[in-house]
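Written below as structure tokens is the structure these notes are about.
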Amino acid sequence: MATAAGASSPARRRPRRGSKGPNSDLSRTLTDCTRRGDAATAMAAFDSALSGPDAPRLLAHQYNQLFHLLATADADSLPNAAAAARRVFSHMLGSGASPSEATITSLARVTASDASNPAAADEAFDLVATMRDKYGVAPRLRSYSPVLAAFRRAGEAGKAYAVDAHMEASAVAPEEPEIAALLDVSAKAGDADKVYEYMHKLSRTVDCVGEETAEVLEGWFRSGKAAMAGKAEWDACKVKDAIVANGGGCHRLGWLGTGPWTVQRVRVGGDGQCEGCGCRLACVDIDVEETQRFADSVAGLALQRETKINFSQFQEWLEEHGAYEAIVDGANIALYQQNFAEGGFSLTQLDAVVTELRDRYNGKWPLVVLHNKRIAKLMENASNRHLIETWRANGALYTSPIGSNDDWYWLYAAIRLNCLLVTNDEMRDHIFELLGSSFFPKWKQRHQVKYTFSKGKAVLMMPPPYSSEIQESEMGSWHVPMEEKSGDDRARIWLCIDRTGHCKHPHEAPAANGVVQDVSPTEASHGCEQRRAEHNGGSLTAAVHPKIPIYMGQETP
């Protein structure tokens, strides 16, 4: 039937992509096999298509479909997956298609799993190690994992270390499975130094470990090689100093003690006391070097966004006056719960926090940071004026200038002085997002003090009494937290790893990090220096340690 004049002709349907041409049948088969995980059928279709007179030209993603199927193929359904993968890769290069990181990773995975080839792991490592030079693609963590697993199975410790070194050179950070593999191959080789190195790499990577990693650690510490590793004598003050410098929780000076280890799965009490050995766990902070880098990064961002001369003057002022145990976010406290009709800027609340901090630190003043525009208004009231002048006279107030964001000031001060920060601010605003630092969450957990008020009195909620992360004590024992899916630390299982009898004072508060219960960070730092002077029989001349605030109480009464 003819179409009426002026009427539009019916729209033609576009053919589906891949529905025509020599590649269409193979494309449909590969898609279907990928959905079903059927590597054998996919390879049969590939071989059949290439054997015909009109061999199709595959697209890069179709090669990757094949590699993915071969890498995950069951050995019973496709026993020669590695040989098939080499054949596909040869065809891919011959056709001029460019391999991607996913291509090489899948090829390395299937190659490394070839149990019939003694050199399979070496071949897989060569594929990963040369992918940047040969194909211009950078390896990722998933590229190295199957190679590392293959060397672990083969017990090739030296080659596993070479993979680790290549990862580091490629700026690829291992995660728990990779470190567990390195720990396992080191333990089986009896390489105590490498086990120690990877224990600390593990502690810097994860807060808690899974079951597989826990079993690797238990196997090492119950071995004869572990019992032989260590030294009977060491400089106790040097160990304490190292623990303070590292933020608490580890010294990184090597195995301490000699003899067999006792390994237990235990729980830790709410006060941080281990139910196994009786030792108290520490609060762990970022270390001295990380603290300095963190302070520098905050200062750099502040100098870009604030009036440079204003923030520089604050830095100079802080260097001159910086002997504080706590920095106070004045506006956050004064505006707390003031969203009612008579509410406003409550200097009374702020004074209550200052008073509580002074009571806690034997009359020592904190530093209150407030914006200049707030101060100008408060000074109009005589009672406010008297209080503000008292704070100023005692060096307890810094006013950030007009046009500034006082967040930069109190944050920098708390980091630079390595002291407590009193604020309920969750620190999620844009300026905190700019930091992009892995240090920030850990630093915040250890330094932020939240508050509330009860009958006009400030109640300070101090940082947790201990850290749920891997810890190495000044006596050489280890505590390793395991994953707890409920998120309840009271239910968490820990590995308590101790040489028999080394935890001699089970009920003492932890002094390993240089700070003990009810002792201020500054006092603890001086205390460690005093011990050193007594140990050396000389005068106190060494520099005072940075302050590391570690408190056992959750809140003031």
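The values are calculated or read from the model by the stated rules, or taken from the named source; none is laboratory data. What you are looking at is a predicted structure, and each value in this text was computed from that prediction instead of being measured. A quick note on method: Cβ atoms are made from the backbone with ideal geometry, for glycine too, and the neighbour counts reach across all protein chains shown. What goes into the accessible areas is simple: the full protein's heavy atoms, side chains included, and nothing from ligands, DNA or RNA. Shrake-Rupley method; radii C 1.70, N 1.55, O 1.52, S 1.80 Å.
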Original post:
In square angstrom, rounded to the nearest 10, how much accessible surface does SER438 have for a 1.4 Å probe?
Top reply: 100
Original post:
Roughly what would the spin-label model give for LEU59 and HIS166, points 7 Å off Cα along C-beta, in nm?
Top reply: 3.1
Original post:
Using the alpha-carbon centroid of each, what span in Å lies between the stretch 213-261 and the stretch 110-159?
Top reply: 32
Original post:
Counting only protein heavy atoms and using a 1.4 Å probe, what share of the accessible area of the stretch 288-461 belongs to carbon plus sulfur, as a whole percent?
Top reply: 47
**OP:** Enter the accessible area of LYS377 (Å², nearest 10), with the probe set to 1.4 Å and all protein chains included.
**Re:** 150
Original post:
What is the dipole size for the stretch 347-499, taken about its Cα centre, with +1 at each Lys and Arg Cβ and -1 at each Asp and Glu Cβ, in debye to the nearest 20?
Top reply: 520
Original post:
Among GLU472, GLU380, what's the order by accessible area (1.4 angstrom probe), most exposed first?
Top reply: GLU380, GLU472
Subject >> Which of LYS450, LYS240, LYS225 is most accessible, then next, and so on - probe 1.4 Å >> reply: LYS225, LYS450, LYS240
**OP:** State the extension gain, in nm to one decimal, for the chain segment bounded by ALA242 and ALA83, taking 0.36 nm per residue of separation less the distance between their alpha-carbons.
**Re:** 51.9 nm
Original post:
Expressed as a rounded percentage, what relative contact order does the stretch 288-461 have, with Cα pairs under 8 Å and six or more residues apart?
Top reply: 29
Original post:
Counting only protein chains, not ligands or nucleic acids, how are THR348, THR105 ordered by accessible area (probe 1.4 Å), most first?
Top reply: THR348, THR105
**OP:** Return the Rg/Rh value of the stretch 288-461, two decimal places, where both radii are evaluated on C-alpha atoms and Rh is the Kirkwood radius.
**Re:** 0.94
**OP:** Please work out how much accessible surface ILE309 shows to a 1.4 Å probe, ignoring ligands, DNA and RNA, in Å² rounded to 10.
**Re:** 110
Original post:
Relative contact order, percent, of the stretch 133-259 when contacts are C-alpha pairs under 8 Å separated by at least 6 residues?
Top reply: 20
Original post:
Cα to Cα, under 18 Å, and not fewer than 8 places away if on the same chain: which lysines meet these conditions relative to LYS159?
Top reply: LYS188, LYS194
Original post:
For SER98 and THR31, FRET efficiency with R0 = 25 Å and r from the beta-carbon atoms, rounded to 0.05?
Top reply: 0.70
Original post:
Based on the alpha-carbon gyration tensor of the stretch 104-202 and its eigenvalue square roots a ≥ b ≥ c, which shape applies: rounded if a/c is under 1.5, prolate if not and a/b is larger than b/c, or oblate?
Top reply: oblate
